[in-house]
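Chemist: Sharing a structure below in structure tokens format, with a few things to ask.
The values are calculated or read from the model by the stated rules, or taken from the named source; none is laboratory data. Because the structure is a prediction, the values reported are computed rather than measured. Note: ideal-geometry Cβ built from the backbone for every residue, glycine included; neighbour counts use all protein chains shown. Note: accessible area is taken over every heavy atom of the protein model, side chains too, but ligands, DNA and RNA are not part of it. Shrake-Rupley method; radii C 1.70, N 1.55, O 1.52, S 1.80 Å.
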Amino acid sequence: MERLSAEDLSILVVEPSKMQRKVLLEALTKEGVDKTAVCGNKAEAIQQIREFKPDLVISSLYFEDGTGLELLRLIRAEEALEDLPFMLVSSESRREQLEEFRQSGVIAILPKPFNVQNLNQAINATLDMLSEQNLDLELYDIELLRVLVVDDSRMARNVIVRVLTNLGIKNIVQAADGSEAIAYLQDQGVDLVVTDYNMPEVNGVELTEFVRKSPTHGHVPVLMVTSESNDAHLQNVAQSGVNAMTDKPFEPHVVKQLLASILEG
């Protein structure tokens, strides 16, 4: 399957400001996107999404009848829509206000005003999410590669699993937290662990330390996916023995590059 292009995308823009809608639509046109629809509030958005499921929703944070987060929750609560790529465009910069978006598997969080590079990266991430691009490895048969995905957010796991599946990986097991992952590893072997950092009971660092100290799994590569930006926490992650880290939300092509590096390295 060939990688999709921007002109293949259908995008719904949810933005109450007519001026901001114009800015977004003009920017999308310059990126090659010509199939767009617009609406200005949560009720209109969820109705359009249910009737004509787009490839991507680009949403503001606040509407007259609710918020972008409420819209995202509605989308993620419906089985037919739960994997719909979602992009937030907002002037909000407070970390705690954006954390649930990160944990819900959004494709990107763009600042307002955004620049062309921001939008281009987000569009490319969406295309990567929707396209199958097998990961070519010399040391592994990609279809036999055993991967353990660990994250306490089911929605975040879904995004990671979708990216891995698009790379040709079929043997994927999920764990809801570090303790569940450790219980699995005590009985089963894997070739790769992809884990979140912030989890209850046993976090990603503690899970990685378990892997590194295990005589059975000590060689297994670990990719850490984290929304953490605290330098001290990131230092702990680095010292735990992870092979690579990537941000949440992440770009699928970055994950592909990291996996190729740590599995073949």
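Chemist: On the basis of being under 23 Å from the mean Cα position of the chain (by Cα), at pLDDT 90 or above and more than 30 Å from Phe86 (Cα to Cα), does Val150 make the cut? Even if it seems obvious, please write down each step before you answer.
Modeler: On the way: under 23 Å from the mean Cα position of the chain (by Cα): yes; at pLDDT 90 or above: yes; more than 30 Å from Phe86 (Cα to Cα): no.
Here the answer is no, as Val150 does not meet what is asked.
Chemist: Just give me the residues in the range 26-37 being under 24 Å from the mean Cα position of the chain (by Cα) and under 22 Å from Pro113 (Cα atoms), in sequence order.
Modeler: Start the filter on the range 26-37 by keeping residues that are under 24 Å from the mean Cα position of the chain (by Cα), which leaves 27-28, 31-33, 35-37.
Listed by number, the residues that qualify are Ala27, Leu28, Glu31, Gly32, Val33, Thr36, Ala37.
Chemist: Considering only the range 38-54, state which residues are within 21 Å of the chain's Cα centre (by Cα) and either of a type in the set (Asp, Glu) or not in a helix (DSSP H, G or I) (or both).
Modeler: Within the range 38-54, Lys53, Pro54 meet the criteria.
Chemist: Quick one: Ser104 ticks every box in (1) more than 18 Å from the chain's Cα centre (by Cα); (2) buried (at least 20 other Cβ atoms within 10 Å of the Cβ); (3) at pLDDT below 90 bar one, so which box is it?
Modeler: (1)
Chemist: Give me the pairs: first residue in the range 127-142 and under 29 Å from Leu28 (Cα atoms) and open to solvent by less than 30 Å² (accessible area, probe 1.4 Å), second residue assigned to a loop (DSSP other than H, G, I, E, B) and basic (Lys, Arg), beta-carbon distance under 6 Å, and six or more apart or on different chains, which are they?
Modeler: If the second residue must be assigned to a loop (DSSP other than H, G, I, E, B) and basic (Lys, Arg), the pairs left are Ser131/Arg3.
Chemist: Do you know which of the residues in the range 55-70 that are more than 18 Å from Ile109 (Cα to Cα) and outside any strand (DSSP E or B) is most open to solvent (accessible area, probe 1.4 Å)?
Modeler: As a first pass, look at the range 55-70 and keep what is more than 18 Å from Ile109 (Cα to Cα): 64-66.
Applying the additional criterion that residues be outside any strand (DSSP E or B) yields 64-65.
Numbers: Glu64: 161, Asp65: 56 Å².
That would be Glu64.
Chemist: Of all residues in the range 107-120, which are within 13 Å of the chain's Cα centre (by Cα) and over 20 Å from Lys35 (Cβ atoms)?
Modeler: At the first step, the residues of the range 107-120 found to be within 13 Å of the chain's Cα centre (by Cα) are 107-109.
Ile109 - this is the single residue of the range 107-120 that is within 13 Å of the chain's Cα centre (by Cα) and over 20 Å from Lys35 (Cβ atoms).
Chemist: Name the single residue that is surrounded by the fewest Cβ atoms within 10 Å (Cβ to Cβ) among those in the range 23-54 being acidic (Asp, Glu) and touching a helix residue (DSSP H, G or I) at 6+ places or on another chain (Cβ under 9 Å). Explain how you work it out, then say what you get.
Modeler: Within the range 23-54, the subset acidic (Asp, Glu) is 26, 31, 34, 44, 51.
Add one more test, that the residue is touching a helix residue (DSSP H, G or I) at 6+ places or on another chain (Cβ under 9 Å), and what stays is 31, 34.
Numbers: Glu31: 17, Asp34: 12.
Restricting to residues being acidic (Asp, Glu) and touching a helix residue (DSSP H, G or I) at 6+ places or on another chain (Cβ under 9 Å), the top hit is Asp34.
Chemist: What are the residues in the range 119-150 that are over 28 Å from Asp177 (Cα atoms) and among the hydroxyl-bearing types (Ser, Thr, Tyr), if any?
Modeler: Ser131, the sole residue that qualifies.
Chemist: Yes or no: the range 30-48 includes at least one residue that is touching a Gly at 6+ places or on another chain (Cβ under 6 Å) and either modelled with pLDDT of 95 or more or within 26 Å of Glu132 (Cα to Cα) (or both). Quick ask: steps written out before the conclusion?
Modeler: Our first condition is that a residue be touching a Gly at 6+ places or on another chain (Cβ under 6 Å); within the range 30-48, this holds for 42.
Now narrow it down to the ones that are either modelled with pLDDT of 95 or more or within 26 Å of Glu132 (Cα to Cα) (or both): 42.
Scanning the range 30-48, I find at least one residue that is touching a Gly at 6+ places or on another chain (Cβ under 6 Å) and either modelled with pLDDT of 95 or more or within 26 Å of Glu132 (Cα to Cα) (or both), so the answer is yes.
Chemist: Do the conditions hold for Ile123, that is, is it closer than 18 Å to Val57 by Cα and surrounded by 19 or more Cβ atoms within 10 Å (Cβ to Cβ)?
Modeler: Details: closer than 18 Å to Val57 by Cα: yes; surrounded by 19 or more Cβ atoms within 10 Å (Cβ to Cβ): yes.
So Ile123 fits the description; yes.
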